[in-house]
Amino acid sequence: MKYLITEQQYKLIRRESDIKSRIDNLLIMAKHQNDLHYVPLEHLLLHIAENVAVSIANETNLDNDEYITFRNQIKQYIRTNFYEHIKDYWESNKR
């Protein structure tokens, strides 16, 4: 089976290891602050997606609509592709 990858998807796929690293850092920070006991999973997911998306988008030289589009794509990419990863970490550390 062949997959077609658009240029926009490639921008995200090539940053996947950086995205995962940033997610893991935020999860570890939340665990050390005992935030995992009180934060619902959906709120944690939205917070992490927002934080990582903004930090990565800020490192680019994109302006205006391109910046917003790229930031939103990263958010959606995290919510879609890292949901299980974040959920597993949340479930194993909320006790």
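If the condition is being without any contact (Cβ under 8 Å) to a residue 24 or more places away in the chain and touching a helix residue (DSSP H, G or I) at 6+ places or on another chain (Cβ under 6 Å), then segment 18-39 contributes only ALA30.
Checking each residue in segment 80-95 for being touching a Leu at 6+ places or on another chain (Cβ under 6 Å) and either within 18 Å of ARG14 (Cα to Cα) or not in a helix (DSSP H, G or I) (or both) picks out only LYS94.
As a summary of the residue check, LYS31 satisfies the conditions (1) more than 24 Å from TYR89 (Cα to Cα); (2) modelled with pLDDT under 90 except for the one numbered (1).
Number of residues in segment 40-62 that are outside any helix (DSSP H, G or I) and touching a residue at least 40 places away in the same chain (Cβ under 8 Å) equals 0.
The values are calculated or read from the model by the stated rules, or taken from the named source; none is laboratory data. For clarity, every value in this text was computed on a predicted model and none was experimentally measured. Counting neighbours? That spans all protein chains shown, and the Cβs are built from the backbone with ideal geometry, glycine included.
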